[in-house]
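Below you'll find the structure, written out as structure tokens, and then a few comments.
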Amino acid sequence: MTNSDENWKWHAAVACREIGGETVIVGTDKREVHITDEVGTFLWQHLKHGATIAKLTELLCADYDVSEGRACQDVKEFVDELVAKQLLENIDE
């Protein structure tokens, strides 16, 4: 499980493409595919150069009508899923 203050960014071995508001993310090492919706695409773009869960939560609340608690939970789940698929790497390590 990830911590709110850890910095995450795209793994070096990923390729992605936005198509119709969704993003297709491919882990080139394992050929793992992940497809995001509009909100996932928003988060993914902010993870390109690195972001914390706290920062992503703040950005999500600013752009979408969602409570901070719900946004934080959703961001953690999104990041945890991408970390498990090795599509994100921790900048702090």
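One chain, two ends: Asp37 and Val66. Fully extended at 0.36 nm per residue, the span grows by 8.8 nm beyond their Cα-Cα distance. Cross-link reach is defined here as a Cα-Cα straight distance under 18 Å, omitting same-chain residues fewer than 8 places apart; for Lys48 the lysines meeting it are Lys9, Lys76, Lys85. The distance separating the Cα centre of the stretch 62-83 from that of the stretch 1-49 comes to 14 Å.
Please give the net charge around Glu6, taking every other residue with its beta carbon less than 10 angstrom from that of Glu6, where Lys and Arg add +1 and Asp and Glu add -1. Within the 10 Å Cβ shell, the charges total -3.
Each of Glu81 and Asn7 was given a label point 7 Å from its Cα along the Cα-to-Cβ line. The distance between the two points is 2.6 nm. By accessible area, using a 1.4 Å probe on protein heavy atoms only, the chain has 46% of its surface on carbon and sulfur. Diffusion coefficient of the chain by Stokes-Einstein, Kirkwood radius over Cα pairs, 25 °C, 0.890 mPa s: 187 µm²/s.
Entry comment: accessible area of the chain is 60 Å² per residue, from protein heavy atoms only and a probe of 1.4 Å.
The values are calculated or read from the model by the stated rules, or taken from the named source; none is laboratory data. In this text the structure is predicted, and so the values were computed from the model without any measurement. Reconstructed Cβ throughout: ideal geometry from the backbone, glycine too, with neighbour counts over all protein chains shown. When the accessible area is computed, the model is the full protein with side chains, heavy atoms only, and any ligands, DNA or RNA have been set aside. Shrake-Rupley method; radii C 1.70, N 1.55, O 1.52, S 1.80 Å.
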